[in-house]
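What follows is a short report on a single structure.
Readers should treat all values here as calculations from the given coordinates under stated rules, not as data from a laboratory. Nothing here was measured: the structure is a model prediction, and the numbers come from that model. Cβ placement follows ideal geometry from the backbone for every residue including glycine, while neighbour counts extend to all protein chains displayed.
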Amino acid sequence: MKLSVIVPCYNEIKYIQRCAESLAAGLTNVDYDWEMLIIDGRSDDGTREILQRIAYENQNIRVLDNPRKFQVHGLNVGLKEARGEIIIRCDAHSQYPHNYLRTLVALMDSAATDVGNIGTPHVCEPGANTELARCISVAMGMRAAVGASHRSLSSAALQEVDTLLFGCWRREIFDRVGLFDERFIRGQDLEHNCRIRAAGLRVLLYPGEPFIFFTRATLKQLGRMVYQYAAAKIEILTVTGVKPPLRGFVPFCFFLVMLLLLATPLALALPLVYVTAIGVISIHKVVQLRDRAMLNLIRVLPAMHVSHAAGCAYGLCRGLLGSRKPTRWSGTRANER
């Protein structure tokens, strides 16, 4: 058996060495062959030089070129080059526990044939050493911010989910449902998991040791990310007909109801309830974590909700106007394409 690990990246000088080393360390002395394919989108911040050194020092690591720069293209470059029977996708902006890859390989190797994708939980860490970044990292794991999604789920048992972050597949899954849809700069993992489930296969979240995902560090980066991914959910529906999880449209529906109530006596009631709830949640987190930085939730949560609602509205308007072509988004991090 052979394992292929694919890691798309672009301008990740801050994280790529830590990511690659944490993955390679977990594969020391395994009893199967493995390769790590790091697909670089022609980084110009020194990432490529670090990758060349890493590949020189470890013959199992190869650096591939992604001339189109975006992550979705890098994923498909890696998948086409991968030679493993089991393929695991990782992110350069993350750090992985020692047994992460071994655990996923063992799970997929013994999984039933109707399992299309397996992943583990993740924990969010700040993308910068600031109070706001620390607050954003906490918000990204809160149901009040992201709902009952893979970002906030925790369980002591293997459970079926509609999507998850990254994952592990058997090679034949891509023969059956296809590669990632390169029309989607955002939401390609959600769209692919929707296709897996539409094919009658299961997406499973395993309660193993979580990996670390470094979040956006500013409200601007966070707002752009949430806006783009919300719009992508609508575009997945209008372009492909594949239905994303309905819970993703809750913020949009909430703000739509508020707009419809503007001409009624209840015009102020719902906003007042919302503001009160945000205040209570923020104070609760301050007390729970004993961290005054959580007062920033008063800004972070509304920014996420409004950005999500606006993204849904944008995607819906494009769909109603007959657009069947996904938006070509720019990056949501300072270093991202």
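Working note: Karplus 6.51/-1.76/1.60 with θ = phi - 60° gives region 125-134 the couplings 10, x, x, 7, 8, 9, 5, 5, 4, 5 Hz, where Gly and Pro are set to x.
Values of log10 I(q)/I(0) for region 56-115 across q = 0.17 Å⁻¹ run -0.79, by the Debye formula with one identical scatterer at each alpha carbon and no solvent. Taking the empirical scaling 2.2 N^0.38 Å for compact globular proteins as reference, region 1-100 has a Cα radius of gyration ratio of 0.97.
Taking Rh as the Kirkwood radius computed over C-alpha pairs, what is the Stokes-Einstein D of region 232-320 at 4 °C in a medium of viscosity 1.567 mPa s, expressed in µm² per second? D, rounded to a whole number, is 87 µm²/s. Rounded, prolate or oblate for region 81-147? Axes are the square roots of the Cα gyration tensor eigenvalues, ordered a ≥ b ≥ c, and the cut-off for rounded is a/c under 1.5. Because a/c hits 1.5 or more and a/b exceeds b/c, region 81-147 counts as prolate.
Overall, the ratio between the Cα radius of gyration of region 119-257 and 2.2 N^0.38 Å, rounded to two decimals, is 1.09. Residues in region 320-326 carry Karplus couplings, in order, of 5, 7, x, 5, 10, 10, x Hz; the curve used is 6.51 cos²θ - 1.76 cosθ + 1.60 with θ = phi - 60°, and Gly or Pro positions show x. With viscosity 1.567 mPa s and temperature 4 °C, the Kirkwood radius over alpha carbon pairs of region 159-213 converts through Stokes-Einstein to a diffusion coefficient of 107 µm²/s.
For the pair C253 and Q159, label points projected 7 Å from Cα toward Cβ lie 2.0 nm apart. The calculated FRET efficiency for N99 paired with A263, based on their beta-carbon distance and R0 = 41 Å, is about 0.10. Rounded to the nearest 5, the antiparallel percentage of DSSP beta bridges internal to the chain is 30%. Dipole size of region 232-320 about its Cα centre, with +1 on Lys/Arg Cβ and -1 on Asp/Glu Cβ: approximately 200 debye, rounded to the nearest 20. With contacts taken as Cα pairs under 8 Å at a separation of at least 6 residues, region 158-247 carries a relative contact order of 35 percent.
By how many degrees, between 0 and 90 and to the nearest 10, does the Cα long axis of helix 188-198 differ from the longest principal axis of the chain? Once rounded, the angle reads 90 degrees. Taking amide H atoms as placed 1.01 Å from N in the peptide plane, the amide H of G127 lies under 5 Å from those of T215, each 5 or more residues away in sequence or on another chain. Applying Stokes-Einstein at 25 °C and 0.890 mPa s to the Kirkwood radius of the chain, computed over alpha-carbon pairs, gives a translational diffusion coefficient of 117 µm² s⁻¹. 3J(HN,Hα) couplings calculated from phi for region 290-299 with the Karplus curve 6.51 cos²θ - 1.76 cosθ + 1.60 (θ = phi - 60°) are, in sequence order, 6, 9, 5, 4, 5, 4, 5, 4, 4, 9 Hz; Gly and Pro show x. Using a ≥ b ≥ c from the Cα gyration tensor of region 1-53 (square roots of the eigenvalues), is it rounded, prolate or oblate, where a/c under 1.5 gives rounded and otherwise the larger of a/b and b/c decides, a/b for prolate? In terms of gyration-tensor shape, prolate.
Maximal additional length on extending the Y274-R202 stretch stands at 22.3 nm, based on 0.36 nm per residue less the C-alpha distance. Using 24 Å as the Cα-Cα cut-off, could you pick out the over-long pairs in K14/K325; K69/K220; K243/K325? Going by Cα-Cα distance, K14/K325 fall outside the 24 Å limit. Neighbours of V286 by Cβ distance under 15 Å: Lys/Arg scored +1, Asp/Glu scored -1, total +3. Region 240-307 and region 1-80 have their alpha-carbon centroids 39 Å apart. With contacts taken as Cα pairs under 8 Å at a separation of at least 6 residues, the chain carries a relative contact order of 19 percent. Each helix, a run of at least 4 DSSP H residues, gives -39500 (n - 2.57); summed and divided by the residues of the chain, these come to -14000 deg cm²/dmol at 222 nm.
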